[in-house]
1. All but one of (1) in a helix (DSSP H, G or I); (2) within 30 Å of residue 120 (Cβ to Cβ); (3) small (Gly, Ala, Ser) hold for residue 265; state the number of the condition that does not hold.
2. Six or more apart or on different chains, Cβ under 6 Å: which pairs go from a residue in segment 43-67 that's outside any helix (DSSP H, G or I) to one that's open to solvent by 40 Å² or more (accessible area, probe 1.4 Å) and aliphatic (A, V, I, L, M)? Could you list them?
3. Give the number of residues within segment 362-395 that are in contact with a Ser or Thr (Cβ under 6 Å, 6 or more places away or on another chain) and of a type in the set (Val, Ile, Thr).
4. Restricting to segment 48-88, give me the number of residues that are under 30 Å from residue 186 (Cβ atoms) and open to solvent by less than 10 Å² (accessible area, probe 1.4 Å).
5. Looking at segment 343-350, is at least one residue free of Cβ contacts under 8 Å to residues at least 12 places away in the same chain and either open to solvent by less than 90 Å² (accessible area, probe 1.4 Å) or closer than 30 Å to residue 391 by Cβ (or both)?
6. Only residues in segment 377-392 that are touching a residue at least 12 places away in the same chain (Cβ under 8 Å) count as the first member; pair them with residues that are outside any loop (DSSP other than H, G, I, E, B) and open to solvent by 40 Å² or more (accessible area, probe 1.4 Å), Cβ under 7 angstrom, at least 6 apart or cross-chain, and list the lot.
7. Under 23 Å from the mean Cα position of the chain (by Cα), closer than 25 Å to residue 124 by Cβ and not acidic (Asp, Glu) - does that describe any residue in segment 226-243?
8. Going by the structure shown, is residue 284 among the acidic types (Asp, Glu), open to solvent by less than 50 Å² (accessible area, probe 1.4 Å), touching a residue at least 12 places away in the same chain (Cβ under 8 Å) and within 18 Å of residue 234 (Cα to Cα)?
Amino acid sequence: MARIYEGLKVLDLSRVLAGPFCAQLLADMGADVIKVEAPEGDENRRWPPLMPNGLSSNYASVNRGKRALTLNMKAPRAAEVLERLVRRADVVLHSFLPATADRLGISYERFHVLNPRLVFCSITGYGERGDLANKPGYDLMVQAFAGPMSVTGYEEGPPVRTGVSFVDMATGMSAYGAIATALYARERTGRGNWVRASLLETAVSILGYHGVAWLQAGIQPRKQGSGGANQAPYQAFHCAGGFVLVGAPNNAAWQRLCTALEDEGLKADPRFASNESRLRHRDELVPLLETHLKRHDAAHWVVLLEKHGVAVAPIQTLDQVMAHPQVLANAMVVAAHDASGEAWKGLGTPFKVEDGGGIATSAPPSLGEHSDQILHDDLGFSAEDIAALRQGGTI
């Protein structure tokens with residue numbers, strides 16, 4: 001069975017994480033994705049940590065299943081190559097600043113004339129409009145600007161970034177959804193569309209209930225440490241040899257937790273009779289619970305508390321996560337192969353499609369790996385033309 005986007009042609013002009021991740025999701029669903037890079041390559045090809053083959057794991061995490069073409073956008077003949085690419089594309093995706101895109105001639109208006117059915121997706125740091133539209137945006141900068149860092153960490157401590165580039169990756173998923181929406185609309189109208197996503201808009205939307213609480217009630221959220229500010233107990237606790245996440249956010253769960261700990265006094269203590277009172281007395285509650293939990297390790301508590309219907313989770317390191325049967329059962333570790341046939345492992349897609357889904361099986365391409373193939377087979381340039389483009393510094 002053909003995959004969902006089999007035959008869809010995608011031109012990926014984006015860099016770093018958000019745009020490439022979006023394009024990788026399209027490749028996983030069967031699209032033919034051409035990644036266009038400057039002759040020096042996407043900047044994140046060189047970011048540590050590096051894999052044994054010298055390629056950045058940052059680059060490798062978001063570029064499987066693509067074909068690679070180098071193109072110097074400033075070269076005289078670059079526009080000719082780009083126009084041929086656009087005329088055959090269903091989707092063009094870029095992450096240039098608006099001013100840079102204008103300077104390079106990359107715009108919905110221009111490309112729509114060349115290809116009225118084209119879905120044009122632009123990803124920016126701070127949105128297409130407003131005074132900061134041309135401000136470069138990176139994940140950490142936007143975590144600071146948009147609020148997530150203000151609610152991350154411990155109350156008396158400094159601002160803390162999340163340990164993963166969640167704004168970049170979530171923006172890639174937002175862009176994927178926007179492109180899928182525009183492709184669905186094209187089936188009805190026959191026309192393409194311009195869709196936009198930005199790190200800022202993604203980060204603000206992810207504020208979720210924090211943002212609504214401020215808008216509706218003027219509530220400024222506090223840093224929450226490892227848990228939630230509105231439920232107790234609901235956080236990481238010291239146990240023997242490490243930590244375990246335990247949650248009992250309602251009274252029934254609290255009673256079950258006390259039963260599991262075999263502490264009737266704790267169950268009857270009026271300070272902890274309701275979630276509201278447990279929140280007020282959290283500083284007293286936490287050490288009492290840790291006295292119990294320190295008697296055994298996390299594995300013991302996971303088994304026992306799950307038996308009593310208490311929410312519990314081990315705090316796993318990546319080696320544990322990547323080997324966990326539940327992660328493997330849901331195809332979140334996948335295999336691909338590079339041009340030499342060497343096996344390569346990556347992460348699966350965050351969603352599954354039963355009929356027509358899948359994972360691209362080719363590893364992230366080397367810089368310009370498919371340039372000659374794309375120029376000749378896809379765009380119709382002769383061998384002499386390709387040699388001239390290379391001689392002139394276009395590719």
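1. With respect to (1) in a helix (DSSP H, G or I); (2) within 30 Å of residue 120 (Cβ to Cβ); (3) small (Gly, Ala, Ser), residue 265 is out only on (2).
2. Short answer, once both residue conditions are applied: 56/50.
3. Here the count works out to 1.
4. Residues in segment 48-88 being under 30 Å from residue 186 (Cβ atoms) and open to solvent by less than 10 Å² (accessible area, probe 1.4 Å): 12 in total.
5. Among the residues of segment 343-350, at least one is free of Cβ contacts under 8 Å to residues at least 12 places away in the same chain and either open to solvent by less than 90 Å² (accessible area, probe 1.4 Å) or closer than 30 Å to residue 391 by Cβ (or both), which makes the answer yes.
6. 378/88; 379/84; 386/372; 386/376
7. For segment 226-243, residues under 23 Å from the mean Cα position of the chain (by Cα), closer than 25 Å to residue 124 by Cβ and not acidic (Asp, Glu): absent.
8. no
The values are calculated or read from the model by the stated rules, or taken from the named source; none is laboratory data. None of the values given here were measured: they were computed from a predicted structure. Cβ: placed from backbone, ideal geometry, glycine included. Neighbour counts: every protein chain shown. Side chains included, ligands, DNA and RNA excluded: accessible areas come from the protein's heavy atoms. Shrake-Rupley method; radii C 1.70, N 1.55, O 1.52, S 1.80 Å.
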